[in-house]
Every structure is written in C-alpha cells, then in structure tokens.
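The structure appears right after this line, and notes come after that.
Values quoted throughout were computed directly from the atomic coordinates according to the rules given, and no laboratory measurement underlies them. Remember, it's a predicted structure, so these values are computed and weren't measured experimentally. Here the Cβ is made from the backbone with ideal geometry for all residues, glycine too, and neighbour counts use every protein chain on show.
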Amino acid sequence: MWETIINAAGQTFYMVFWSTLLSVIIGFVPAVILTLTANDGLRPNKVVYEILSFIVNVFRSFPFIILLIIIIPFTRFVAGKSIGTTAAIVPLTVSAIPYIARIFETSLRETDKGVIEAAKSFGASDFQIIFRVYIKESIPRMLNGVVLLIISLIGYSAMAGTVGGGGLGDIAIRYGYQRYNTEYLVICSLILIVFVQLIQMLGNHLYKRLS
Amino acid sequence: MIELIHVKKEFDNLEVLSDISITINDHEIYGIIGQSGAGKSTLLRCINGLVSYDSGEIRVGGELVDIKDKKKLSLLQKRMGMIFQNFNLLNRLDVYDNVALPMKFWGIDTKSPEAIKKIKNLIELVGLSDKMHSLPRELSGGQKQRVAIARALVLDPEILLCDEATSALDPSITREILSLLQKINKEMGITIIVVTHQMEVVKQICERVSFLKDGRVLAEGKPEELFIKPIKEVKQFLQEESGHLPSDGVNIQLFFTDESSDEPVITKMARDLNIDYSICWGKLEDFRSNVFGSLVINVKNEDQDNICRYLDDKKVLWEVL
C-alpha cells in the first residue's frame, strides 16, 4: 500500500511542479500585455486588451474536466500521447495559464500609480518600468498568486489522474472509492491536506520576507 | 530658463489650462499656488512631459517639450527631477536603492566608486546617513520626502519640480523640508518650481509666484505683493476677511512692504497730524524672513484728505475700503 501511495504522491508532485512552472512562464506574457494595454497602463489599447481579456475568460470558464477532454488532440500533439502522467501536464498547464495570467495582471496593476509616475519622470522607458517598477513591486503579490495556483493545481491534478495521469487523486478514487478501501481514501486525503498546508505556510513565510 | 507660452490643455472638453504664459528664471524658486482643481499639478506635469498639452509651447533651456519625441523628452526629463505629495518611493527598495534607481534607468553603473560616492553624498545631504539601508515603511513622512529629494537629485538635474511636496507633512516637518529645498537651491543652483495650496510654502521660500484659478494665471509677482495687497480671487483663496469694520467714518487700509514696515508710521502720523483714529484690523506676515503687513484704520470723514496726503508722502500704499 505505502509503495503505491508514495509513488502516487511523486506523480502528483511531478504533475503540479511542471504545470506550475510552465504556466507561470507562459502566463506571464499575457499578464504583462494586459497590464500594458489596460486603460491605466503604459500603452492603453482597448482593442488588444478586450480581445486578450476575452480569450482569457473563455479558457477560464471551461470546467477543467471538459477542457481536459476537448484538448486531447492538442495534448497528443504536444506530449506525443494523450494518457499518462506527462500527458496530464498539458491540460493542467493549459487551464492554469489564463488563471495565473489574470492573477499576475491583478498583482501588477495594483502597483502604486505614483511610483510609476515617478519612474516616468526620471525618463525611464516602458520596458524599464515593467521590469524595475511593476514586477519589482509586485513580486510578493505574484508569489501569493503562485501559491493559490499550486493549491488549485493539486485539486485539478486529482481529476487529471482519472484520465490516466495517476497521482494521489487517482489512487484515492480507484483504490479507495471504487474498491471500498477507506484507508487509501483517508491517507491520500491527509497527504493532500498536508501538501496544501505546507505550501501555504511556505508561501506566507516568503511573502513576509519579500514584502 | 523655462518658458511657457500660451499653453492650453483640454481634458474631456473641459479647459484645464487656458492660455498660460509664465517665464521662470534659472536658479530661482518659483511658486504656483491655487486651490485643488486649479490646474497647477497638470501644469507642472506639462513641463516635464508627464502630461501633454494641446497648444502653445513649453521650452526648457530653449528646448521644446514634446511628448511625441520620446527620446528627446526623456533626455529633457533627465534634466528635471521631481518630488511628489505621496513621496512615491519603491516599497521594496531600501533608501540607498531608491536613490540609485534613476541611475539604473540611464544605464549608469551604480557599482562604480563614483556612483557609490554620489549616492552616499546625496543621502548625507538630506540627513539620512543612518538610514541608508532602511525600507520606506520604516521611515516617517518627512524622511520619505528626504529620500525622494535625494533620488530627484541623483541625475544632476538643473530643475527640481515639487508637486505638493509638503502637503502630507506636519507644519514643523514642512519647515524642515522647505529649508532643505532652499539649501539645495542656494548651494547647487538648482531652479525649483513649487506647486502648492499652502500659503506657508510660498511665503517661506518662493521668490516669485503665480496664482492659478480655473486654469488661468490671475496674478503673478513677488509673494509679498500678491498676498499683502491681494486681488479679489486671492483674497477668497486666503479666506481673508477684514472682519466687521465700522460703518461710520472712512476705513483706510494701509499696506506695509519692504521699506515702510520698519517705520512707526501709525503712531507718528497721529502725532504729526494731531488726530485720532482707531485701528480695526491688521495682519503681519513673514516672507522669507522679511515682515510685511497691512492694517485698517477708521478715521473721521474730515481727516481723510489729510491722512491720504500724509501716507502718500511717506510712500505707504493705501486704499479706501
């Protein structure tokens, strides 16, 4: 039993780690574009903002389990197969990108307008303002967003598990629920609770240190 | 020299600045005063190109401020430091890094010995050597503004723009910041433009001042001229009332400027003319350590001519109310 569970915990970690990393890197780009083109941004552009914002909303409004299925061809194209732990990273990442993009956008736009004006007054370029002011000032808020993302990805990874991704959620369902093995269900749930608690604690600690 | 020539700006069909022409000389401390909404902060932002203007011209040292020419504009901005009402420091940078930030925007190596020396000197100038590595949240309002001043000076500007820089500070801290600005003006020869709604600021440091209302310059001159003998709008702004003046006899207001405020005109006049009158209202104010004031006296109708002639003789400005 323990071997199965430890193995599954490893799979959960693997899926969550890679989908977090990838979505943070990719989601950063639309977040910056949204921040730049928002009406209070450095380069206000209603058309670009509204289109991008619409796309983000569309992807966010798909229930994960449906997104998981409709992007199977894409998953196969990227990962080479549609089933398995590695393949599960694709839908997890796709659903996480708009989520983290929105969170980063909100974090960035919370930057004090006065500080941005001050940077402008010293002749800073838009590029410098993005990196040296917006991002610099928003790092603690963005980190909070990543913690939120990791926690919801742990939840989603349980669903991804049911389509062959493995992981703790999958074990809990297959061994615990379907085979009436309550022990599995309890242990898997406990491990997930501990995971989430640890990540939240780590996040809070880092937030305090960084801000 | 900063020249504003017929500058106009509209915002959503509302005229924010209507036909403003001001010339600010090198090395002077120039005040722009008015109520909030008068357009003074917008005017200041037009000077360093944070905000565009619709027509007219703004020239700084002969160069046109044009928001469309970004390269040229940022070079002009480098020559103008700016400080703000809310300090606008980066919360996550310490005092040293906040001061160093504009250098980074200009690709100046902040690790070089000259840069380090310069940053440290500026922090010393504003009196914060012991707070070099404190974060803004560990500083008081006055200290934050000092950091902002050091930051505004790090690119060796010729001009310092102050947008309500003391409005968020206590009166005693305000005085400290103002004397620091005065010191910077004197020792470094930096032209300072102060936008404020506080009379105290203008009185304490400005050599010349413009009074702005509804986007127009209604009065310009030395602060003492503007405030001792104010026009109607300035009077309203100062919320100054001469109180209840007697309804019989004649009320004459006397204005004391440079030369006349030292002389005991009032008592001398009573003795010389051998008449009596009552003093109904008065005020004395400090302007950059000179005292100016005005006084209202109530005289009998038959004495009016005599008194007016006497005052003219003594070169005291007066006005029958």
Cut-off is 10 Å between beta-carbons; in what order do B:Cys308, B:Cys280 appear when sorted fewest neighbours first? B:Cys308, B:Cys280
Spherically averaged projected area in nm², based on the convex hull that wraps the Cα atoms of the protein assembly as shown: 34.5 nm²
Using the alpha-carbon atoms, what tilt in degrees (0 to 90, nearest 10) does helix A:2-37 show relative to the longest principal axis of chain A? 20 degrees
Between 0 and 90°, nearest 10: helix B:141-153 axis offset from chain B longest Cα axis: 70 degrees
Using 7 Å Cα-to-Cβ label points, what is the B:Lys70/A:Thr182 separation (nm, one decimal)? 6.6 nm
Chain B: relative contact order as a whole-number percent, Cα under 8 Å and 6+ apart: 19 percent
What is the calculated FRET efficiency for B:Ala115 to B:Lys186, with r their C-beta to C-beta distance and R₀ = 25 Å, to the nearest 0.05? 0.50
Only bridges with both residues in the protein assembly as shown count here: give the DSSP antiparallel percent, nearest 5. 70 percent
Which distance in Å, rounded to a whole number, links the C-alpha centroids of the stretch B:175-231 and the stretch A:136-202? 63 Å
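For A:Arg209, B:Arg216, what ranking results if the residue with the fewest other Cβ atoms within 10 Å of its Cβ goes first?
A:Arg209, B:Arg216
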Give the separation of the Cα centroids, the stretch B:288-321 to the stretch B:118-137, in Å. 52 Å
Label chain B by shape, choosing from rounded, prolate and oblate, from the square roots a ≥ b ≥ c of the eigenvalues of the Cα gyration tensor; if a/c is under 1.5 it is rounded, and otherwise prolate applies when a/b is larger than b/c, oblate when it is not. prolate
Hey, got the average number of other protein chain Cβ atoms within 10 angstrom for residues in A:120-131? 6
Of the candidates B:Ile266, B:Ile33, B:Ile173, which one comes out as most mobile in a Gaussian network treatment of chain B with C-alpha springs shorter than 10 Å? B:Ile266
Could you work out the helix-only [θ] at 222 nm for chain B, with each DSSP H run of four or more residues adding -39,500 (n - 2.57) and the total divided by the number of residues, to the nearest 500 deg cm²/dmol? -10000 deg cm²/dmol
Using only Cα atoms, locate the centre of the stretch A:74-129 and the centre of the stretch B:24-74, then give the distance between them in Å, rounded to an integer. 37 Å
Please report the relative contact order for the stretch B:174-269, taking Cα pairs under 8 Å with a sequence separation of at least 6, and give it as a percent rounded to a whole number. 15 percent
Rough spin-label spacing in nm, given labels placed 7 Å along Cα→Cβ, for B:Asp248 and A:Lys113: 6.0 nm
Give me a single rounded figure for B:79-89: the average over its residues of other chain Cβ atoms within 10 Å of their Cβ. 4
Mind scanning B:Lys183/B:Lys232; B:Lys9/B:Lys144; B:Lys72/B:Lys186; B:Lys131/B:Lys183; A:Lys136/B:Lys40 and naming the pairs with a C-alpha gap bigger than 27 Å? B:Lys183/B:Lys232; B:Lys9/B:Lys144; B:Lys72/B:Lys186; A:Lys136/B:Lys40
Taking each residue in A:53-64, count the Cβ atoms of any other chain within 10 Å of its Cβ, then average. What number comes out? 0
Could you check which residue among A:Arg132, A:Arg60, A:Arg102 shows the biggest mean-square fluctuation in a GNM of chain A with a 10 Å Cα cutoff? A:Arg132
Assigning unit charges at the beta carbon (Lys, Arg +1; Asp, Glu -1) and nothing else, what dipole magnitude in debye, to the nearest 20, does the protein assembly as shown show about its Cα centre? 2960 debye
Proxy reagent accessibility, fewest Cβ within 10 Å first, across B:Ser55, A:Ser82: B:Ser55, A:Ser82
Who wins for biggest fluctuation among B:Asp276, B:Asp286, B:Asp26 in a Gaussian network model of chain B, springs between alpha carbons below 10 Å? B:Asp276
Counting only helical runs of four or more DSSP H residues, what would the 222 nm mean residue ellipticity of chain A come to if each run contributes -39,500 (n - 2.57) and the total is spread over all its residues? -25500 deg cm²/dmol
Provide the FRET efficiency to the nearest 0.05 for the B:Ser172-A:Lys81 pair, computing r from the beta carbons and using R0 = 51 Å. 0.10
Rough spin-label spacing in nm, given labels placed 7 Å along Cα→Cβ, for A:Asn7 and B:Val291: 9.6 nm
Where the convex hull is taken over the Cα atoms of the stretch B:250-320, what is its projected area averaged over directions, in nm²? 4.3 nm²
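Calculate, for B:Asn274 and B:Glu63, the FRET efficiency according to 1/(1 + (r/R0)^6) with r their C-beta to C-beta distance and R0 60 Å; round to the nearest 0.05.
Using R0 = 60 Å, I get an efficiency of 0.40.
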